[in-house]
Amino acid sequence: MDQHIKADASLGHAIRSLRIDCGFRMQELTRALQLRGYNITRQCLYKIESGNHYVSVELLRLLKEIFDVSYEQILDFKEDN
């Protein structure tokens, strides 16, 4: 059974910010995930970043690996005001 976390705006924003900070375009991140065996489309990634799609625990693990960050940096993201 695959566990999922509901992506809210803050989680989606954290993923998008990390993607941009690491220099990935959406298509490049999608391809990096696919090469690691994760079946995802650009449209699905867009929905995740928009906070409108569930995020699997496996996806979080792969993003942590690709971005070389901790889980806390993804899950405890605080937007600077």
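The values are calculated or read from the model by the stated rules, or taken from the named source; none is laboratory data. Predicted model only: the values in this text are computed from it and were never measured. A quick note on method: Cβ atoms are made from the backbone with ideal geometry, for glycine too, and the neighbour counts reach across all protein chains shown. Note: accessible area is taken over every heavy atom of the protein model, side chains too, but ligands, DNA and RNA are not part of it. Shrake-Rupley method; radii C 1.70, N 1.55, O 1.52, S 1.80 Å.
Out of segment 18-27, which residues are out of contact with any Phe, Trp or Tyr (no Cβ under 7 Å at 6 or more places or on another chain) and either within 15 Å of V69 (Cα to Cα) or surrounded by 13 or more Cβ atoms within 10 Å (Cβ to Cβ) (or both)?
Residues satisfying the conditions are R19, I20, D21, G23, F24.
Out of (1) open to solvent by 90 Å² or more (accessible area, probe 1.4 Å); (2) at pLDDT 95 or above, the odd one out for K6 is which?
For K6, the exception is condition (2).
Is there a residue being touching a strand residue (DSSP E or B) at 6+ places or on another chain (Cβ under 7 Å) and part of a strand (DSSP E or B) anywhere in segment 46-55?
Yes, segment 46-55 contains at least one residue that is touching a strand residue (DSSP E or B) at 6+ places or on another chain (Cβ under 7 Å) and part of a strand (DSSP E or B).
Within the set of pairs 6+ apart or on separate chains, which have a first residue in segment 51-65 that is free of Cβ contacts under 8 Å to residues at least 40 places away in the same chain and within 13 Å of I15 (Cβ to Cβ), a second that is of a type in the set (G, A, S) and in a loop (DSSP other than H, G, I, E, B), and C-beta atoms under 8 Å apart?
Within 8 Å, the pairs are K64/S70.
With Q73, Q43 as the choices, which residue is in a helix (DSSP H, G or I), modelled with pLDDT of 95 or more, out of contact with any Asp or Glu (no Cβ under 8 Å at 6 or more places or on another chain) and surrounded by fewer than 16 Cβ atoms within 10 Å (Cβ to Cβ)?
Exactly one of Q73, Q43 is in a helix (DSSP H, G or I), modelled with pLDDT of 95 or more, out of contact with any Asp or Glu (no Cβ under 8 Å at 6 or more places or on another chain) and surrounded by fewer than 16 Cβ atoms within 10 Å (Cβ to Cβ), namely Q43.
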